[in-house]
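First up is the structure itself, then whatever we jot down about it.
The values are calculated or read from the model by the stated rules, or taken from the named source; none is laboratory data. Quantities reported herein were computed from a predicted structural model and do not represent experimental measurements. Counting neighbours? That spans all protein chains shown, and the Cβs are built from the backbone with ideal geometry, glycine included.
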Amino acid sequence: MAESTNMRLRLPLLCIILEVILIILFGTLVEYNDDTHAMLWNENRTDSATRNDHENEFYYRYPSFQDVHVMIFVGFGFLMTFLQRYGFSSVGFNFLIAAFSLQWATLMQGFFHGLHHGKIHVGVTSMINADFCTGSVLISFGAVLGKTSPVQLLVMAIFEVTLFAVNEFILLSILGINDAGGSMTIHTFGAYFGLMVTRVLYRPNLDKSKHRNSSVYHSDLFAMIGTIYLWMFWPSFNSAITNYGDPQHRTAMNTYYSLAACTLATFAFSALVNPEGKLDMVHIQNAALAGGVAVGTAGEMMLTAFGAMIVGFLAGTISVLGYKYLTPVLESKLKIQDTCGIHNLHGMPGVLGAVVGAVTAALASPDVYGHGLQRVFADVETGKWNPQSRGGFQAISLAVTLGMALFGGLITGFILKLPIYGAPPDTHCFEDGLYWEVKTFQPESGMTNSSDVYPFSPHKKDSKWVSGSVC
Amino acid sequence: MAESTNMRLRLPLLCIILEVILIILFGTLVEYNDDTHAMLWNENRTDSATRNDHENEFYYRYPSFQDVHVMIFVGFGFLMTFLQRYGFSSVGFNFLIAAFSLQWATLMQGFFHGLHHGKIHVGVTSMINADFCTGSVLISFGAVLGKTSPVQLLVMAIFEVTLFAVNEFILLSILGINDAGGSMTIHTFGAYFGLMVTRVLYRPNLDKSKHRNSSVYHSDLFAMIGTIYLWMFWPSFNSAITNYGDPQHRTAMNTYYSLAACTLATFAFSALVNPEGKLDMVHIQNAALAGGVAVGTAGEMMLTAFGAMIVGFLAGTISVLGYKYLTPVLESKLKIQDTCGIHNLHGMPGVLGAVVGAVTAALASPDVYGHGLQRVFADVETGKWNPQSRGGFQAISLAVTLGMALFGGLITGFILKLPIYGAPPDTHCFEDGLYWEVKTFQPESGMTNSSDVYPFSPHKKDSKWVSGSVC
Amino acid sequence: MAESTNMRLRLPLLCIILEVILIILFGTLVEYNDDTHAMLWNENRTDSATRNDHENEFYYRYPSFQDVHVMIFVGFGFLMTFLQRYGFSSVGFNFLIAAFSLQWATLMQGFFHGLHHGKIHVGVTSMINADFCTGSVLISFGAVLGKTSPVQLLVMAIFEVTLFAVNEFILLSILGINDAGGSMTIHTFGAYFGLMVTRVLYRPNLDKSKHRNSSVYHSDLFAMIGTIYLWMFWPSFNSAITNYGDPQHRTAMNTYYSLAACTLATFAFSALVNPEGKLDMVHIQNAALAGGVAVGTAGEMMLTAFGAMIVGFLAGTISVLGYKYLTPVLESKLKIQDTCGIHNLHGMPGVLGAVVGAVTAALASPDVYGHGLQRVFADVETGKWNPQSRGGFQAISLAVTLGMALFGGLITGFILKLPIYGAPPDTHCFEDGLYWEVKTFQPESGMTNSSDVYPFSPHKKDSKWVSGSVC
């Protein structure tokens, strides 16, 4: 009755076709930029060879790139391992769709805002931007976690990356706004896109998999690996593509303080909303990160540590309250099944970040920034700069982003609803065994259960289909 | 009878009050420094904008900062997950008190040795210093691990950070000594402070929780994540705030060789002290790191790889022997219950590091250092430099540090003894369920136990109070 | 009957003797280089002190070094924790032999290609090279994983490091070829050396430990930590010792794209070769990395992202197919018991990388590289450069490497076969309890099994010998 979830043809076919298309497009369109091309780098330098190598963008950006890379693959990947039976899929599908998205993003972002005589020039900055776009897809993945096949996820990534690049083009190139850490372009976009997708894919009978939609002791510890890496490297994330020098330095520091304040708010409100005063791992794993999201736009500005800490504290607070009070309502009233609670970690804090960015931009003045003003706000140089209109454009960008995300998510959701992708049945959501070879062990005599091998819920009914086929 | 451990009011109240105070003080006292301020950075540069950005301290220090940051949050956090039922608290409380301490340390360190016209200037160097101070608090945390409430830990952090800053001020600003990697300021201070606190908090009936005060298979693997990260990034830790150029480079390398030699000593003595020649995870997790502690002072000097390896080998040896023979005696004779054995990892190796630093400083000469002498020993420039007196000051600093740590720990211990913090009862030490929501699972028919959900000791008596209240 | 596996004397004796020899040799032969020596660094600079510090090789290389370091200790260490009962040994022995090998490699590599007036000069580049050589030993460790004692592994490391240095000397110094990321020197050499060792150590009765030679759910997640770190930091690995500027930048980017393409190939073929279309963790953990191996030689050349993606896609494909179809044949026909399947991850992709490198070198021309040609191919400066002969030398190097590896592995294998190292009996391979203190827990009443303490196969027969002695 239910659709077959066998991936034997669907997944290989899609992966191979996509990769072949990517390779052809890269062969046609992509070139080394001035800093990665052997001829161009060595021609452009007036001086002797070794002297100026430290000015290659590699040395300014590569450490930040690697931190961002860790956030994308370890941070997002392990954060989602909190589910008891879904660790392979969390880390594995995260890996797959990220590896695809970063290639596709290089093309889409290059096409929309980086063509040089018809060619896309790549270097470490394009690598960071591609990872950023990938982050947006992984945020959306959090909303549908456990309820989608890998084929669905790849299809979602195709559309989301494309729309991300369009939205980014409108914001950065047309409206000319600031969003170095992506409060809008990455977090708000990824969150509302994903929420709309999961709304369209609403499963009224998801209760049948309810017993698997929670954590166990060790899966929560694996998830903390993801959390801590995201938390530590968020300063690198927000500062990775700002201008060199003071903006990069300042952004990292503002983010550091915002996160620290956010963490105290998270612990405070997590204990406060629990009748017994006990801390909830869900809050610590997620809400403590909201401070990074919320200074994604204003972080490069003269927000001050003081301002960053206020923003971080607010972000942690609304995030915990969202998990406790809003998520259940979204599910019951709006039919939004948000597995990871991305609305609380990326949605609301992203909007907060956009607002803080608009206000901070509107308050910017040469009295505070001096000659550094033009290094933060590019339009100072063109003479068109005006802090109030700049603040207004920032606000408009939030509206554009929300619209693009919701509309894009709606379309994509309906495309993903087609019964051709091998989506899991309601009875087998949040379950690795559907798409992964989960080894079954020959129990030796003397063993009363097999919990030590496949450690979760080893009840009879399930263990049969794990090693066989479901449908 | 026992004090209630409910955190519902205590923890939120303390967190919120502390964060509000921090925010007010940051708003009043903290300013961007020359390298993070948009106006100042762009004014101070004589040249054109982009040329000199690579001289921003960000590019010299930020990769080291991130490595240190990983040590603080992943290293210390996961190292302490070795306990079977205390993983949430180990990583979670580590997270909380670190996030608080780095903010408080910024203020205290700024107040004692960084005021500029009444303002504290912040940048990546102050971030590293704040993380260093935090490390000291986390070392002390290791001694009381499993026996304190999060409220107690925050109160401990308030006092310890303050005294750390005073001690650091005496050593670095008054005595003018060298301690780039903090053998004294961080490790010796943190260890003896923590040991004194745990002495004052002595629990004669801790045996009641004995069955939880040990590791299980997977908890030891989680702990190895912490160990390996600490080990790998210790070269960055010791070199993070040395002078640029050769001192930073040399410090990293000396630490690298010290740790390698320490690791071989650790494996050797771990097998040697075991009757069956089996290796003990406790030794590998901890003693292999002692080599980093022991070159914390001398690492920036011309210690040579040869010298570093000797020091590392000695450190690993005394650390293993300490775990095997000294820790049981400290507990039985001196009533010092040192959960993580910080005396073996930070205490003795810290003292060794101080002694090695004093000797290496006393042997320093212009014949060896050339013009580099003044880049390691600041007082060369002032003309007051004399290697023997320099060595003497280093030795005096060790005594000062020990005195400050023991006295501070004594006072703090008595403050923490007040029955108002919700400390765990003797019967429920080393137990996450007291302060964390540990999900209990509805066992389905066919499951004979619930060990796959909450994997440790799922005996009846316990499972009742886990989901309810203890006292 | 079987040899005693007690390590009480053997392991400490070997570790201490080796470390004492290392310390003596370091004291005699090793000196700080120009960038780490206080006198030399400050003399060599013509300018004022602070200006030129950014030209210290530390700032060009240290972030890459730390990424490589993470790959060696976390990457290799955790990748091998996939075995259900061998996590302590995987991470622990990896730690031990890496800590030894990096010291020994510093001496051997220094001796063969870095003597300055009879002294070995060390700095961050020698540290990276030592870590590279260590990587080769860890690759071989993967082939014999679970079947060797730590003493055997140290003896293997002594020989392998030495032969690695000889082979590297022949390739880089005599033949003058390019192999920045070590497709040949590291991967091909390590793989075929290890395969030959495991061939000589063939165990006809390994079936007796078959039930332990597989993963369990959580051990596969721990292994994914290793995989993801290797994957993320491979761009740093391949670019760590290239020339500064465009070559370093380009190498990192080529590797990034190769790995992304490789990942899609891995998922595609993993599902395709499974009758139910299910993904296999073994493939994801290993084959997804083959793309990094396969651009180890050509990565610094003008391979283009397009070329890198083709190579990565091929590497992932042959690696999955190797795991599925070749490994069983190697075991049954050639008696090569390759625990981790290093032939598929390092062997075949390494050879592919060597071939790609030879072709790319043969196609190099000044039209493409401009003045950058001499920064990639050192012999351009000497005037001896000729792309075809260069390509030929690259090909010859592959043959030399294969010969050295197979011959060296043969000799080393026979040395390791001596019954003096406490190797595990056939019945107790892949078992931590043999060499590690694995805590046994006092089961409390109400516990029906002890699976929550030592979670794997807690059957009676085993639990006895775990806490006692085997033989």
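Miscellaneous remarks
Matching residues to (1) at pLDDT 95 or above; (2) under 30 Å from A:Asn238 (Cα atoms); (3) within 14 Å of chain C (Cβ to nearest Cβ); (4) loosely packed, with under 15 Cβ neighbours inside 10 Å:
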| residue | (1), (2), (3), (4) |
| --- | --- |
| A:Ala378 | no, yes, no, no |
| A:Glu381 | no, yes, no, yes |
| A:Arg390 | no, yes, no, no |
| A:Ala405 | yes, yes, no, no |
| A:Asp432 | yes, no, yes, no |
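- Residues of segment B:358-376 that turn out to be more than 19 Å from B:Ser239 (Cβ to Cβ) and among the small types (Gly, Ala, Ser), as a count: 4
- Restricting attention to segment B:8-29 and to residues that are within 14 Å of A:Met309 (Cβ to Cβ) and crowded, with 21+ Cβ neighbours inside 10 Å, the residue that is farthest from the other protein chains (Cβ to nearest Cβ) turns out to be B:Leu22.
- Test set (1) under 20 Å from A:Trp104 (Cα atoms); (2) in contact with a Ser or Thr (Cβ under 8 Å, 6 or more places away or on another chain) - C:Ser258 fails condition number: (2)
- Residue in segment C:391-398 that is under 25 Å from the mean Cα position of the chain (by Cα), farther than 22 Å from C:Phe164 by Cβ and in a helix (DSSP H, G or I) present: no
- Residues that are hydrophobic (A, V, I, L, M, F, W, C) and at the interface with chain A (Cβ under 10 Å from one of its Cβ atoms) within segment B:105-131 comprise B:Ile120, B:Val122, B:Val124, B:Met127, B:Ala130, listed in sequence order.
- Every condition in (1) in a helix (DSSP H, G or I); (2) touching a helix residue (DSSP H, G or I) at 6+ places or on another chain (Cβ under 7 Å) is met by A:Asn52 except one, and the failing one is (2).
- Segment A:308-336 residues that are closer than 15 Å to A:Val295 by Cβ, paired with ones that are not in a helix (DSSP H, G or I) (beta carbon under 8 Å, 6 or more apart): A:Ala308/A:Val295; A:Val311/A:Val295; A:Val311/A:Leu303; A:Gly312/A:Val295
- Any hit, segment B:273-282, residues being on the phi > 0 side of the Ramachandran plot and at the interface with another protein chain (Cβ under 7 Å from one of its Cβ atoms): yes
- Just one of the listed residues (B:Gln103, B:Gln109, B:Gln152) is under 20 Å from B:Leu18 (Cβ atoms) and more than 17 Å from the chain's Cα centre (by Cα), namely B:Gln152.
- Residues of segment C:67-88 classified as touching an Asp or Glu at 6+ places or on another chain (Cβ under 8 Å), within 9 Å of chain B (Cβ to nearest Cβ) and buried (at least 24 other Cβ atoms within 10 Å of the Cβ), total: 4
- Boolean, A:Tyr257 is surrounded by fewer than 24 Cβ atoms within 10 Å (Cβ to Cβ) and touching a residue at least 40 places away in the same chain (Cβ under 8 Å): no
- Selection over segment C:308-334 of residues that are within 13 Å of C:Gly347 (Cα to Cα) and aromatic (Phe, Trp, Tyr) gives a count of 1.
- Residues located in segment B:199-230, provided they are facing chain C (nearest Cβ under 9 Å), among the small types (Gly, Ala, Ser) and either crowded, with 24+ Cβ neighbours inside 10 Å or not in a loop (DSSP other than H, G, I, E, B) (or both): B:Ser215
- When segment A:353-377 is filtered for residues that are touching a residue at least 24 places away in the same chain (Cβ under 8 Å) and of a type in the set (D, E, K, R), only A:Arg375 remains.
- Taking the listed residues B:Phe233, B:Phe267, the one that is assigned to a helix (DSSP H, G or I), over 23 Å from the mean Cα position of the chain (by Cα) and closer than 30 Å to C:Arg61 by Cβ is B:Phe267, with no other qualifying.
- Meets criteria (within 8 Å of another protein chain (Cβ to nearest Cβ), within 27 Å of B:Leu13 (Cα to Cα) and buried (at least 24 other Cβ atoms within 10 Å of the Cβ)) for A:Ala265: yes
- Against the conditions (1) more than 7 Å from every other protein chain (Cβ to nearest Cβ); (2) within 19 Å of the chain's Cα centre (by Cα); (3) in a helix (DSSP H, G or I); (4) not polar (S, T, N, Q), C:Ile241 satisfies every one except (3).
- Any hit, segment C:299-308, residues being among the hydrophobic types (A, V, I, L, M, F, W, C), within 7 Å of another protein chain (Cβ to nearest Cβ) and not in a helix (DSSP H, G or I): yes
- Taken together, A:Thr251, A:Thr327 contain a single residue that is of a type outside the set (Phe, Trp, Tyr), surrounded by fewer than 24 Cβ atoms within 10 Å (Cβ to Cβ), assigned to a helix (DSSP H, G or I) and touching a Gly at 6+ places or on another chain (Cβ under 7 Å), which is A:Thr327.
- Here C:Val380 passes the criteria (1) of a type in the set (A, V, I, L, M); (2) free of Cβ contacts under 8 Å to residues at least 40 places away in the same chain; (3) not in a helix (DSSP H, G or I) except the one numbered (3).
- All conditions in (1) of a type outside the set (Ser, Thr, Tyr); (2) assigned to a helix (DSSP H, G or I); (3) more than 14 Å from chain C (Cβ to nearest Cβ); (4) more than 17 Å from the chain's Cα centre (by Cα) hold for A:Met196, with the sole exception of (4).
- In segment A:406-440, the residues that are farther than 25 Å from A:Val91 by Cα and assigned to a helix (DSSP H, G or I): A:Leu406, A:Phe407, A:Gly408, A:Leu410, A:Ile411, A:Phe414
- Among the residues making up segment A:171-193, those that are small (Gly, Ala, Ser) and over 18 Å from A:Leu352 (Cβ atoms) are A:Ser173, A:Gly176.
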